[in-house]
Ligand code: PAF
C-alpha cells in the first residue's frame, strides 16, 4: 500500500494508475476505523478500481463546543487495518496541507441542511461538503463510497455532486451493526459500559418502529412518539431529535406512503450517537 500526507504525491500516485487504465474508487474517512469503514473498502474493491482511502479529521465540520480535539485518532492502527483490507493508497494529510491559508471559499448547502443534524449542528454540513469537494478535486475519483449511518450526509453529498456536475458516482453502503444492534461509530469508544448497554435502545426502538410500519401504521407522528417514549422510558439518553422524513429530499412527512427515513440523534453523557432506518416497500422483482 502506498501512503502519503502530501496532495502533490497523492495526485502523482493516482495519475499513474489512471495512465494504466485504472478507475479510481475513493473512501473519505476521519479515521479510527471500524468494520463499517472496512465494509466501504470491501465494496470499493468489488468495483475493481484502484482504492484510495483518506484519513483526515476535518476541523471545518466541528462546532466550537464539539469534540474536534478529543475525536479519537490512531493513524498507525488505521494504516495497518486498511493495508490488510487491501486499500491501494492511504492519504492522511495534515490540517496545514489541507488548509494552508484561512479559507474564504466554501460549498454552501441549501435546504437539506436545515433539518436533522444540520439543524442541530450549524455549519457542520458546510464543513463536510467543503472538505469532500476538496478531496474530490485532489483524488478525482470515479466512485466514492459513503456509509448510510450518516444518511443526511450521503444525501447532501449526492446532491452536491449533481448540482455541481462533479464526475463521480456516489455509492451508498448499508449501516454495519454490532451483533447486538449498535450501529458502528468511531465515537462508540467514548461510551461507558453502562451507556453502551443503554445505547441499544436506539436500534431497538427503530426496529420496533419498523415492525409497526410493517403492520400498517402510517402516521409519522405516532412512530416518532413511540420511539421518543421508549428512549426516555428505558434510558438516560437525551434526545436531540427523532424524526420521520422523506427519504429522498428530507421534507416533512405526515403519512408514510413514500420511502421514509426514520432518523434519530441521542446523547449518552457527552457522546452523541446517530442511527436511522429507511422504510420502503420492497420493489417487486
Ligand atoms: O463521514 C465522515 O467521516 C466525514 O464527515 C467525511 C465524509 C470523511 C468528511 O470529513
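Bear in mind that the values in this text are calculations on the coordinates, not laboratory data. Nothing here was measured: the structure is a model prediction, and the numbers come from that model. Note: ideal-geometry Cβ built from the backbone for every residue, glycine included; neighbour counts use all protein chains shown.
Couple of notes before you dig in:
- Full-extension gain in nm, residue 221 to residue 96, via 0.36 nm per residue minus C-alpha separation: 40.4 nm
- Helical mean residue ellipticity (222 nm; -39500 (n - 2.57) per DSSP H run of 4+; nearest 500) of the chain: -11500 deg cm²/dmol
- Shape of the chain, Cα gyration tensor, a/c cut at 1.5: prolate
- Sorted by Cβ neighbour density within 10 Å, fewest at the top, the residues 225, 232: 225, 232
- Rounded to 5, the percent of DSSP beta bridges in the chain classed as antiparallel: 50 percent
- Computed lengthening from residue 210 to residue 180, 0.36 nm per intervening residue step minus Cα-Cα distance: 9.1 nm
- Result for the chain in a Gaussian network model with C-alpha springs under 10 Å: among 72, 59, 102, the largest mean-square fluctuation is at 102.
- Cα gyration tensor category, rounded, prolate or oblate, for the stretch 1-42 with a/c compared to 1.5: oblate
- Degrees separating the helix 124-139 axis from the principal Cα axis of the chain, which is the longest one: 30 degrees
- If you run the Gaussian network model on the chain, springs between alpha carbon atoms under 10 Å, then out of 261, 155, 75 the most flexible one is 75.
- Cα gyration tensor, the stretch 159-285 - rounded (a/c under 1.5), prolate or oblate: oblate
- Computed from Cα atoms, the angle from the helix 7-19 axis to the main principal axis of the chain rounds to 80 degrees.
- Centre-to-centre separation between the Cα atoms of the stretch 101-126 and those of the stretch 136-183: 16 Å.
- Gaussian network model of the chain, Cα within-10 Å springs - most flexible of 92, 80, 124: 80
- To the nearest ten degrees, helix 35-46 and the longest principal axis of the Cα atoms of the chain are 60 degrees apart.
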